[in-house]
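The values are calculated or read from the model by the stated rules, or taken from the named source; none is laboratory data. Every value quoted in this text rests on a predicted model; they were computed, and no experiment measured them. Methodologically, a virtual Cβ is constructed for each residue, glycine included, from the backbone with ideal geometry; neighbour enumeration extends over all protein chains shown. With ligands, DNA and RNA removed, areas are computed over all heavy atoms of the protein, side chains included. Shrake-Rupley method; radii C 1.70, N 1.55, O 1.52, S 1.80 Å.
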Amino acid sequence: MKIFKEIAARIWALWAIISFIGSFLIIFIPSMFSYLYPDPKGTGVLIKVAKWWMNGWLFIVGCRLRIKGLNNFENGKTYVVTYNHNALLDVPLSCPYVPGPNKTIAKSSFAKVPLFGWFYKKGAVLVDRKKENSRKESYLQMRRVLENGMHMCIYPEGTRNRTNEPLKTFHDGAFRLAVESGKSIVPALIFNTKKANPANKTFYFLPQTLEMHYLPPVSSVNQTVASLKDKVFIIMKDYYQQHQS
């Protein structure tokens, strides 16, 4: 039975890629209207289009998505949203379902992909982690995102979690951003993308019921970067362990 599952997962991965590209081409032109407006409205347009795209694509590939905790985003406030990161599938899922305009931190190399790069640059703060100047500039851009009334979405683990632990060690960036900007953090947990699209398997995809849970905001007031990082790590780790199926 295992061999049949592996074969089916490869066939479905091919369908997932073809349908991902095909559906992107459909929404590409509508998404470019986001460039006609200054932020945050422009990014808000992009996020709405991205949500339509993901709703359609997830249906096509047989994945249901359940979202909990959107009430934890208070109207008129902006947050640093911290996601766990288990699979490539996390990337297109995260930002479209945050209420309101938002950007994510992302690798600058993806911006070189034809057509997709234009979509990508509008919805992300780009960084080349190998270059110190790029890291510094991306941090300033993230500050401007928050000041401009948009949420900033970050994967504090940095890369996909290929370990057997619930979470990898967090980097400081998201927590420094929250402390220095005075913004609260909304911890966010994504479930079952590791089953659908595991990081340790190449060209593999299986339909799953996916979930995103947004937890109550964690204030950065009177916190150091280290204390806030430790606090959010414990909250996210405990919640993930209690709710993973």
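A count restricted to segment 215-245 and to residues that are under 15 Å from residue 178 (Cβ atoms) and outside any strand (DSSP E or B) stands at 20.
Filtering segment 221-245 down to residues that are without any contact (Cβ under 8 Å) to a residue 60 or more places away in the chain and surrounded by 13 or more Cβ atoms within 10 Å (Cβ to Cβ), which residue is farthest from residue 85 (Cα to Cα)? Here the answer is 223.
Exactly one residue among 93, 14 is more than 20 Å from residue 148 (Cα to Cα) and touching a strand residue (DSSP E or B) at 6+ places or on another chain (Cβ under 7 Å), and that residue is 93. Within segment 63-161, which strands (runs of 3 or more DSSP E) (wholly inside it) include 1 or more residues that are under 26 Å from residue 28 (Cα atoms), open to solvent by 40 Å² or more (accessible area, probe 1.4 Å) and among the basic types (Lys, Arg)? So the answer is 64-68, 102-107.
Would you confirm whether any residue within segment 217-229 is among the hydrophobic types (A, V, I, L, M, F, W, C), closer than 23 Å to residue 97 by Cβ and within 18 Å of the chain's Cα centre (by Cα)?
Within segment 217-229, not a single residue is among the hydrophobic types (A, V, I, L, M, F, W, C), closer than 23 Å to residue 97 by Cβ and within 18 Å of the chain's Cα centre (by Cα).
Do we have any residue at all in segment 162-183 that's outside any helix (DSSP H, G or I), in contact (Cβ under 8 Å) with a residue 60 or more places away in the chain, under 26 Å from residue 68 (Cβ atoms) and under 12 Å from the mean Cα position of the chain (by Cα)? There is no residue in segment 162-183 that is outside any helix (DSSP H, G or I), in contact (Cβ under 8 Å) with a residue 60 or more places away in the chain, under 26 Å from residue 68 (Cβ atoms) and under 12 Å from the mean Cα position of the chain (by Cα).
Would you please list the contacts, defined by Cβ atoms under 8 Å and residues six or more apart or on different chains, that run from a residue in segment 1-26 that is within 13 Å of residue 201 (Cβ to Cβ) to a residue that is hydroxyl-bearing (Ser, Thr, Tyr)? Final answer for the pair search is 6/204; 9/204; 10/204; 13/204.
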